[in-house]
Amino acid sequence: MKKSLIALAVAGAMTAPIVAQADATLYGSFRVGIAQQDKADLDIRDESTRIGIKGDVDLGLENTKGLFHWEANVNLTDKGGYGADMFAARLGYMGATGDWGTALVGRQYHPYYGMVNSHTNIFNSADAAFGEAFALGNAQHKRVDNTLAYASPVMSGFQVVAGAVIAGDGSDDNDNFDEDVDGYNIGAQYTGIEGLRLSASYGDVDADVSTKASFATSGAAIGTIVPASTVALESEIWGLGATYNIGNFTVAGKYEEREDSYSLTAASADVEWTVWELAGIYQMGATSFKARYGNIDADTSVTGGGYKNIDGNSSDDGDQWGVEVEHKLGKKGRVWVAYTDFDKEAAALAATAQKVNASSDIAEDTFVIGYRLDF
């Protein structure tokens, strides 16, 4: 159910195949899992259930239709899972599409997410350990409010997509950076060869972060070395992705680099992140066998203010691997069994890489059995 601007433009309009004979379509994807994680009890959890409505509108214009799309989380369990709040916003945008391309405004997937992170996001579970633990772009370029975006038509297999956040959450309010445009990203993609998709994207964000900034690395732990205060942040990222399908086999890979620069009154810090992942899928009838392996690296430097990297370690890296067996139940259902494993360094680094201003726990190993129904 994840849709990006890329899919929107490639298809001409995200909703066109579904709503050709209707103005709007109600849809949903209900997902639940039974999970066992390290140092935790067995848990029944939601796996990113969502409902939404999307459609198009006849504007009375030649080769142009209006578009709208709203989507929200629906938690099936009493705690935990993905999106603990019932009806927490996922998507909410409107726009228009035609031979000239697609323009959208509102909360939507950024071009970077569709161009780079989508290649190796092969697992069903919404848990961070499975879904996008090593997705550096998610910190600023996933689903973002106040986004204005444009996707060009596909011409000879090539397409360009661009998006900008205008006065969004975490926007600059003290003139450290541009007070109107808080961030942008642009991507390009080639699909002119059957079975092949090549993508590249670049993004930049300038903002204030009024919380703690966690960025120092310390072997198996992330150290919070900046106190709670307003932190000026600039985050620059670029990435490459590729997917190739031949027969029953699909192979994919991605590479990302991100540099986060923090500025306080008496100190500054730079964190250089590097991530790569390789993924593969073998399809045998209704059953898919999936595997993924990746590496994350962080290089930190801190100056001024009396701060220092904990235990003097300025660079660290870690690995993650995961496997999954998925079986489709007709066209609208599926079950899966999956396992993923991080070393200690990777779990700690991935938790902080997901958000530039705070860290959260990622389990070192997770086993999950899931069930999904779409309508």
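The values are calculated or read from the model by the stated rules, or taken from the named source; none is laboratory data. Keep in mind that this is a model prediction, so the values were computed, not measured. Methodologically, a virtual Cβ is constructed for each residue, glycine included, from the backbone with ideal geometry; neighbour enumeration extends over all protein chains shown. Calculation scope for accessible area: heavy atoms of the full protein, side chains included, ligands and nucleic acids excluded. Shrake-Rupley method; radii C 1.70, N 1.55, O 1.52, S 1.80 Å.
Overview of results
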{"quantity": "Of all residues making up region 212-263, the number that are open to solvent by 10 Å² or more (accessible area, probe 1.4 Å), at pLDDT below 50 and in contact with a strand residue (DSSP E or B) (Cβ under 8 Å, 6 or more places away or on another chain)", "calculated": "6"}
{"quantity": "In region 183-211, residue farthest from residue 155 (Cα to Cα) [restricted to those that are modelled with pLDDT of 90 or more, assigned to a loop (DSSP other than H, G, I, E, B) and open to solvent by 40 Å² or more (accessible area, probe 1.4 Å)]", "calculated": "194"}
{"quantity": "Residue among 102, 97, 49, 77 that alone is farther than 26 Å from residue 200 by Cα, crowded, with 21+ Cβ neighbours inside 10 Å and of a type in the set (Val, Ile, Thr)", "calculated": "49"}
{"quantity": "Filtered residue count, region 330-369, keeping only those that are at pLDDT 90 or above, among the hydrophobic types (A, V, I, L, M, F, W, C) and open to solvent by 20 Å² or more (accessible area, probe 1.4 Å)", "calculated": "4"}
{"quantity": "Residue ID - surrounded by the most Cβ atoms within 10 Å (Cβ to Cβ), chosen from residues in region 143-166 that are modelled with pLDDT of 90 or more and either polar (S, T, N, Q) or assigned to a loop (DSSP other than H, G, I, E, B) (or both)", "calculated": "147"}
